[in-house]
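Quick notes on the structure that follows.
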Amino acid sequence: MEEKKVILSAKDVEVRFRVRENYLTAIRGVSLDIYDGETFAIVGESGSGKSVFTKTFTGMIDSNGAITGGSIMFEGKDLTKLTTDKDWEGIRGAKISTIFQDPMTSLNPIRTIGSQISEVIEKHQGIPHEEAKAQAIELMEKVGIKDAANRFDEYPFQYSGGMRQRIVIAIALSCHPKILICDEPTTALDVTIQAQIIKLIKDLQKELKFTTIYITHDLGVVANVADRVGVMYAGQIIEYGTAEDVFYNPQHPYTWALLSSLPQLGVKGEDLYFITGTPPSLFNKIQGDAFAPRNPHALKIDFIKEPPMFKVSDTHYAKTWLLDPRAPKLDKPEAIQDLHGKIKRMTDKGGAFHVE
Amino acid sequence: MKKGYIWKRLLRSFLSVFIIMIIVFIMLYSLVPRDNIFFEDATYKKLGGKPDDKREYVMRTWEKLGYLDYETLNDFCAAKYEQGSAEMEAAMENGSKEYYEFIDTFEKKGYTVEYLQLSKKPYAFKDVPLVQRLAKWVSHLLVIDTPWSVQDPNNPDLKRYIKLGTTPTGGLALIGSGTTHKYLIYTDTRFPFLHQNIITLNLGTSYPKFEGMQVLDVIFQSQGTEVKREVTFETGVTQESAINFGSLTYKPTLDRLDQAKFVDHYANYTTNKEQSSMIGTSFIMGIFALILAYGIGLPAGLAMAKNKDGIVDKIGMFYIIFIIAVPSLAYIYLFRYLGTRLFNLPSAFPIKGAGDVRSWILPIISLSLPSISSLMLWTRRYVVDQTNSDYVKFAKAKGLNQKEIFWNHIFKNAIIPIVHGIPSSLAGTITGAIITEAIYSVGGMGKMLPDSIKQYNNTMVVALTFMFATISVLSVLMGDIVLTWVDPRISLSEKEGRS
């Protein structure tokens, strides 16, 4: 990884939302480098700030929110300084694209599939309609739509969910972006389609050489596609490293808990593991480690002082006091020991990716 | 869109109109006491002191309106003897042979025989069953004019033909003889320029107001004072007349004046008057109010949605809440007061009349006020809904700017439900506006239905119900058809579609 060039670099990003006279700090100082060509997965439970964090890369934060600190450097520009549509021209949708969770609603129901693809091509490449149409048809074929020329003028309701997600991917890739943000791209899809879509993104990434940022709850997907993984909790990245680092040598108690709650790791006849309690309210200032109240291994200091980012290896960092030399040595929960073997058995059943 | 579907839908529409007609028929002609129809009848009131004449009048009226069959000794005898002859006089005496024959004949036929209060003359009547009345009404609904329409025993030489020709005012016409109307199809300078008399709707005659007039004529005829101009008749006579040549119909007996002007038996006509018809007045008012409503309501709603929670939105909301909260009577009076005070506009329609544009301004504005508010409300709501939709977020992520997103992804989607309502609002204009028309004394359709109900003008009530029901059913169909033009997801067919 070290020789790779950094394509996007976030420093101490803080995002706040104004909700009924109160301020909610959704992202609390996140720093992260994304390398060119890699697949980075951000995991975490709902409300941990995964989506909000990536939305800052494209200026898509809802109107009641704002980036209140930090910087995001991309191609020599600080993305946090961009405000108007004009500022974002040439970046949003062109160099950094996003695909969203629900393909059923991501496409405008009353415009043709073709026009929705070619409108982006025309917009960003400034080419005439006929050329854009030809490119769009080519793209449709690339994402696996058969008989694309004839289906160009069809409407979204004539497409199945999986095909719509393919179209969404085609649109996102239509301008050869540098970074593709996949915001839970498979959550709304049928299990059988999920694998196809994941594979499609993987193949296209190989071919078109873009960087992918995955946002997902699905650790199975992460294990399969990600080069590196970042775990988010309460608006912070609490651990990141290569997929191997995070899956087979997790350091943060939250990562342990998260991995333990993989339903696939459940033992038949026993209750599935779950994390007790709820995430902290981000309206309040958080003292110490945000996970401490739910953490059975919490130390006294976790409630007092926020832990710094400790370095585990060159590629692996975690934000927990357990890594402090003074901390007691703890064993990882039993469920996630030999995760390597377990995950291998889960994913290598002959195919690229299996969920069961 | 399937043609078959449209036909089936039309059929269903007319079936539902028919069912409504049956219900209205049953309600009007069985639940409303038939004596009530005389409440507003001036002739009836004049006959107060003459019980026999009154009874006769009542019976004749009921027969005319289709309630019953009425037979008198006079009619019975007149069929046998010449009027005024000695036999006739003898037969008309109480206790004569014909007297008993009359009673006998009609009692056998199932008639009820009663006797006049003073003269003790017998008369017979039999109620017409409702179903039969309805069937008769329906079967006479469409009248098709043919060269055999007029059967006049006094005029056996009437020619029967249809030929091309011109009207005295120079318009092209299809002229008929033996037909009820002289000009079957003709052109003139009045909207809609091309007129036809071949197929006419016969919804019955009005009673007691506008007695004897066709209900449709009451609604469609121009009102006010006659507009006279120099016209040359076919006989070459030139005089000042308000004649509407297109309305010429067959007149069995011509008087001297008629003979001076017309070369044939077509001498019945209506006149041109300065004001538009009731339905026309309501329609003109409604159309302009509608244009105003869409012209202001739609952009205002869009502006509110674009500046959601901003100052424009707040002002718009204030207006909407004002219109919803304040009774329409109150704000119409308020706007009338403002209009008359600040802009010196007439406070009532008849002050300057239909010919003056200023007469129309305040009624049209008053009529559009509530439509503007509801259009603003719904447009705003639909646009805000669309703005929050996933595909708008995705469109933003695609890198489109606000303007492109708004026109390509929000506006068209938001407008769909509004487009659906346009045919209905158009059709709604002809039913008139009760409150606005009453406040400004506009001679429109607004008061028509309530007035006819009050006056027990049952024919009119039936006719209006029929018209309004047909129009609303058709406009809903039109709305659906229009919807298929703007929304590709909708296709009119019998099969269940995927959404």
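Structure values in brief
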{"item": "Count - residues of segment A:38-50 that are at pLDDT below 90 and under 9 Å from the mean Cα position of the chain (by Cα)", "result": "1"}
{"item": "Verdict on B:Asn413 being at pLDDT 90 or above, on the phi < 0 side of the Ramachandran plot and at the interface with chain A (Cβ under 10 Å from one of its Cβ atoms)", "result": "yes"}
{"item": "Unique match (being under 20 Å from B:Phe288 (Cβ atoms) and surrounded by 17 or more Cβ atoms within 10 Å (Cβ to Cβ)) among B:Ser452, B:Ser475, B:Ser441", "result": "B:Ser475"}
{"item": "Residue list for segment A:33-50, filter: surrounded by fewer than 20 Cβ atoms within 10 Å (Cβ to Cβ) and within 23 Å of A:Lys285 (Cα to Cα)", "result": "A:Glu45, A:Ser46, A:Gly47"}
{"item": "Residues that are within 14 Å of another protein chain (Cβ to nearest Cβ) and surrounded by fewer than 18 Cβ atoms within 10 Å (Cβ to Cβ), drawn from segment B:419-429", "result": "B:Val419"}
{"item": "Tally of residues being facing chain B (nearest Cβ under 7 Å) and among the small types (Gly, Ala, Ser) across segment A:75-96", "result": "2"}
{"item": "Long-range neighbours under 9 Å by Cβ, at least six apart or interchain, first residue loosely packed, with under 13 Cβ neighbours inside 10 Å within segment B:221-236, second of a type in the set (Phe, Trp, Tyr)", "result": "B:Thr235/B:Phe262"}
{"item": "Failed item in (1) out of contact with any His (no Cβ under 6 Å at 6 or more places or on another chain); (2) away from every other protein chain (no Cβ under 14 Å), with B:Val486 passing the rest", "result": "(2)"}
{"item": "Counted residues, segment B:302-317 - those being without any contact (Cβ under 8 Å) to a residue 60 or more places away in the chain and among the small types (Gly, Ala, Ser)", "result": "2"}
{"item": "Some residue of segment B:148-167 being assigned to a strand (DSSP E or B), touching a residue at least 40 places away in the same chain (Cβ under 8 Å) and not polar (S, T, N, Q)", "result": "no"}
{"item": "Set A:Ala292, A:Ala298: member being in contact (Cβ under 8 Å) with a residue 24 or more places away in the chain and within 22 Å of A:Glu45 (Cα to Cα)", "result": "A:Ala298"}
{"item": "Residue identified as within 14 Å of chain A (Cβ to nearest Cβ) and either surrounded by 22 or more Cβ atoms within 10 Å (Cβ to Cβ) or farther than 30 Å from A:His124 by Cβ (or both) among B:Gly446, B:Gly432, B:Gly399", "result": "B:Gly399"}
{"item": "Complete set of residues in segment A:254-293 that are at positive phi, surrounded by fewer than 18 Cβ atoms within 10 Å (Cβ to Cβ) and touching a helix residue (DSSP H, G or I) at 6+ places or on another chain (Cβ under 9 Å)", "result": "A:Gly277"}
{"item": "Counted residues, segment B:100-115 - those being out of contact with any strand residue (DSSP E or B) (no Cβ under 7 Å at 6 or more places or on another chain) and surrounded by 13 or more Cβ atoms within 10 Å (Cβ to Cβ)", "result": "2"}
{"item": "Residue satisfying condition, being part of a helix (DSSP H, G or I) and more than 14 Å from chain A (Cβ to nearest Cβ), within set B:Gly355, B:Gly301", "result": "B:Gly301"}
{"item": "Members of segment B:339-396 that are surrounded by 22 or more Cβ atoms within 10 Å (Cβ to Cβ), in contact (Cβ under 8 Å) with a residue 40 or more places away in the chain, of a type outside the set (Val, Ile, Thr) and under 30 Å from A:Ile61 (Cα atoms)", "result": "B:Met376, B:Arg380"}
{"item": "Criterion: in contact (Cβ under 8 Å) with a residue 60 or more places away in the chain and not charged (D, E, K, R) - qualifying residue of B:Ala289, B:Ala260", "result": "B:Ala289"}
{"item": "Only one of B:Met59, B:Met27 that is under 29 Å from B:Leu134 (Cβ atoms) and in contact with a Phe, Trp or Tyr (Cβ under 6 Å, 6 or more places away or on another chain)", "result": "B:Met59"}
{"item": "Residue, nearest to A:Lys146 (Cα to Cα), within segment A:97-134, restricted to residues that are surrounded by fewer than 18 Cβ atoms within 10 Å (Cβ to Cβ) and more than 10 Å from chain B (Cβ to nearest Cβ)", "result": "A:Ala134"}
{"item": "Flag for B:Arg60 being under 23 Å from B:Met467 (Cβ atoms) and free of Cβ contacts under 8 Å to residues at least 12 places away in the same chain", "result": "no"}
{"item": "Strands (runs of 3 or more DSSP E) contained in segment A:159-265 and holding at least 3 residues away from chain B (no Cβ under 14 Å)", "result": "A:211-216, A:228-233, A:236-242"}
{"item": "Of residues in segment B:28-55 being loosely packed, with under 13 Cβ neighbours inside 10 Å and assigned to a loop (DSSP other than H, G, I, E, B), the one modelled with the highest pLDDT", "result": "B:Pro33"}
{"item": "Strands (runs of 3 or more DSSP E) completely within segment B:203-265 that count 1 or more residues being closer than 30 Å to B:Trp137 by Cβ and modelled with pLDDT of 85 or more", "result": "B:243-250"}
{"item": "Residue check for B:Asp309: over 30 Å from B:Ser452 (Cα atoms), acidic (Asp, Glu) and in a helix (DSSP H, G or I)", "result": "no"}
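Yes or no, residue by residue, for (1) within 32 Å of the chain's Cα centre (by Cα); (2) in contact (Cβ under 8 Å) with a residue 40 or more places away in the chain; (3) more than 27 Å from B:Asp127 (Cβ to Cβ); (4) outside any helix (DSSP H, G or I):
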position: B:Tyr5; (1), (2), (3), (4): yes, yes, yes, no
position: B:Arg12; (1), (2), (3), (4): yes, no, yes, no
position: B:Ile26; (1), (2), (3), (4): yes, yes, no, no
position: B:Asp69; (1), (2), (3), (4): yes, yes, no, yes
position: B:Phe76; (1), (2), (3), (4): no, no, no, no
position: B:Met88; (1), (2), (3), (4): no, no, yes, no
position: B:Asn94; (1), (2), (3), (4): no, no, no, yes
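The values are calculated or read from the model by the stated rules, or taken from the named source; none is laboratory data. None of these values were measured; they are calculated from a predicted model. Backbone-built Cβ (ideal geometry, glycine too); neighbour counts: all protein chains shown.
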